[in-house]
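For reference, the structure is listed below as structure tokens.
Just so it is clear, none of the values below were taken in a lab; they were calculated from the coordinates. For clarity, every value in this text was computed on a predicted model and none was experimentally measured. Here the Cβ is made from the backbone with ideal geometry for all residues, glycine too, and neighbour counts use every protein chain on show.
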């Protein structure tokens with residue numbers, strides 16, 4: 001059956017600017033359907049939220065799925081599912097219906113799909129129960145359920161125990177989800193699907209890609225497992241790969257800070273198998289916003305399976321960085337070869353007292369959008385008795401930001417030039433050898449306000 005599913009998931013929807021994220025890659029594969037006859041039930045959601053284009057896209061994808069297996073099972077598009085395999089269709093809303101039992105007639109299967117209409121609630125438990133009732137317990141054929149749904153369970157008993165019983169009976173369950181008007185419970189799909197759930201659950205990004213998802217699944221089911229698998233993953237340049245957990249199958253290694261390669265000698269050659277790789281990435285970019293996790297991901301195997309991984313995104317939240325005092329501009333110069341002296345005019349430079357430089361960073365917490373902040377840093381030096389002596393004060397206006405909510409703002413490089421005071425630091429011949437102790441205090445408050453004085457009425461002349 002080849003690669004029957006592929007998936008990519010991230011552990012969180014958002015992270016801080018320097019945060020870490022877990023990424024999970026997963027594959028599932030099974031033997032050739034021509035040598036391993038399989039009974040496949042398409043279990044299709046026809047609840048009310050499927051009305052319109054979702055139902056039309058699902059029908060088109062399901063019929064393409066049937067056509068591909070028609071060609072794959074006996075090497076001919078003869079309107080007949082060959083090799084001992086069969087396909088059936090179950091649809092569900094308030095309850096589940098057998099639209100057509102396990103058969104080999106392509107025209108009968110397509111007619112059953114075309115006859116579906118949308119309406120009612122979503123009863124997943126009855127869908128699983130009805131599908132399992134159609135499998136022949138005495139048949140040696142492999143048993144596969146491909147469940148498509150666009151919503152949450154809104155009718156019937158909890159479906160998880162029914163799905164668990166189906167898996168215990170040897171049935172392989174794939175769950176395809178599309179977010180509809182009722183939302184989508186990804187956790188439920190993971191509970192229902194065969195483990196590893198990351199390899200047996202797929203989410204269609206939009207209605208238009210449903211046909212491609214069905215097509216890829218059918219093409220891969222027709223291939224005989226997979227050998228010589230090589231997956232090359234390149235993460236977005238704003239991330240680096242920090243660690244890799246040993247995969248459940250094969251080996252994985254980092255090729256560069258943002259690149260890894262996963263190799264699997266064979267998968268699904270003798271039976272249905274899944275493979276999972278987990279690795280961790282850290283955000284190192286300096287900008288916030290929604291970002292693609294991977295720059296590219298490519299798949300190759302000896303059988304030519306078609307594999308498409310999702311491209312997840314994550315929302316990155318970065319605080320503002322303010323640098324009130326830029327560093328001096330350097331003067332560049334070049335000394336030619338075989339030259340042992342050179343004169344350079346460095347221009348003008350302002351005189352500063354000799355001493356030490358103290359540079360401070362401070363984070364102003366919970367700065368509201370659209371409001372400037374006044375920040376003062378007061379520095380004192382301590383003598384041997386603990387008395388304080390003024391050393392300077394810096395005042396800074398922190399610009400307003402336009403983020404959606406309050407943000408922490410990092411103010412960097414608040415610099416104090418501190419001449420040596422030998423009466424405090426000692427009379428050491430080289431004054432820098434003395435230890436100096438300081439205290440710094442920060443005061444911050446908003447500059448902008450929407451406050452109006454009591455009793456002041458615009459236009460009253462007061």
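Just a few scattered comments:
- Considering only the chain, percent of DSSP beta bridges that pair antiparallel, nearest 5: 75 percent
- Taking the fewest neighbouring Cβ atoms within 10 Å as the starting point, the ordered list for 335, 50 is 335, 50.
- The chain, helix-only ellipticity at 222 nm - DSSP H runs n ≥ 4, -39,500 (n - 2.57), divided by all residues, nearest 500: -5000 deg cm²/dmol
- Label point distance in nm, residue 336-residue 11, each placed 7 Å from Cα along Cα→Cβ: 6.0 nm
- Helix axis angle, 124-134 relative to the chain longest principal axis, alpha carbon, degrees: 40 degrees
- Using 0.36 nm per residue and subtracting the Cα-Cα separation, the extra length available between residue 313 and residue 160 on full extension is 52.2 nm.
- Compared with the direct C-alpha span, the chain from residue 51 to residue 186 gains 46.5 nm at full extension, assuming 0.36 nm per residue.
- Label-to-label distance, nm, for residues given as residue 290 and residue 344 (7 Å Cα→Cβ offset): 4.9 nm
- Rounded to two decimals, the Cα radius of gyration of the chain over 2.2 N^0.38 Å is 1.47.
- Taking 10, 162 and counting other C-beta atoms within 10 Å, the order from fewest to most: 10, 162
- Residues 415, 8 in ascending order of nearby Cβ atoms (within 10 Å, fewest first): 415, 8.
- Kirkwood Rh in Å, taken over all unlike Cα pairs in region 33-222: 16.2 Å
- On the beta carbon distance between residue 378 and residue 400, with R0 = 30 Å, the FRET formula returns roughly 0.80.
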